[in-house]
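The values are calculated or read from the model by the stated rules, or taken from the named source; none is laboratory data. All values reported here derive from a predicted model rather than from experimental measurement. Don't worry about glycine lacking a Cβ; one is built from the backbone with ideal geometry, like all the others, and counts go over all protein chains shown. The accessibility values were calculated without ligands, DNA or RNA, using every heavy atom of the protein model including side chains. Shrake-Rupley method; radii C 1.70, N 1.55, O 1.52, S 1.80 Å.
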Amino acid sequence: MTEHHALNSPSLSTLSNPTLRNESLAALGTFGALTAGAALLGARSSSSTQAWYRSLRKPRFQPPAWVFGPAWTTLYGLMSLSAWRVWNRPAGPRRSWALALWGVQLGFNALWSPLFFAKHRPRTALLDIAALGVSLAAYTGAARQVDRGAAWMMVPYLAWVGFASALNEEIVRLNPR
């Protein structure tokens, strides 16, 4: 096996060892559960049918509401798989740092919907999404040093957060009150 291939896939020793395979599956379930928790918090907080949200002026480039569900489902899946791939790499400071950054970005992700939708604080949500973007970029860079495939899985999420930041900023600009 080439070194490049080894850097881009979960360890074959993990997959062939039943104990490690069970631990790996438990880790995948944990990352999935953490991500699902963030998603559920966001879903509970957000609703495009809220009177407050409907009253906001929105930019022309706002996608239709139906786009958000499939987009976030895909992004959350990639996010979980990325963390799992990093977790499957050999333990060490780089892996630990990458996983810590993954947790930080997930925390900022989980805060955005309650800030924006539940608390009606789009300006504070804009600060949160900026912090999300920074922590996400930091995670992606750290993940790249551990597992390049894990880093590539975050590229769609980076793009989406950039787009969502522009949406958030425009909503703030269009609704100065």
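Taking 0.36 nm per residue of separation and subtracting the Cα-Cα distance, full extension of the segment from L127 to Q62 would add 21.4 nm.
At an R0 of 25 angstrom, the distance between the Cβ atoms of T73 and R177 translates into a FRET efficiency of 0.15. Ignoring ligands, DNA and RNA, what percent of the 1.4 Å accessible area of the chain is carbon and sulfur? Heavy-atom surface of the chain belonging to carbon and sulfur, 1.4 Å probe: 66 percent. Taking every protein chain into account, the accessible area of region 26-177 amounts to 51 square angstrom per residue (probe 1.4 Å).
Taking each DSSP H run with n ≥ 4 as -39500 (n - 2.57) and averaging over every residue of the chain yields -24500 deg cm²/dmol at 222 nm.
Extension gain for L25 to S165 (0.36 nm times residue separation, less C-alpha to C-alpha distance): 47.0 nm.
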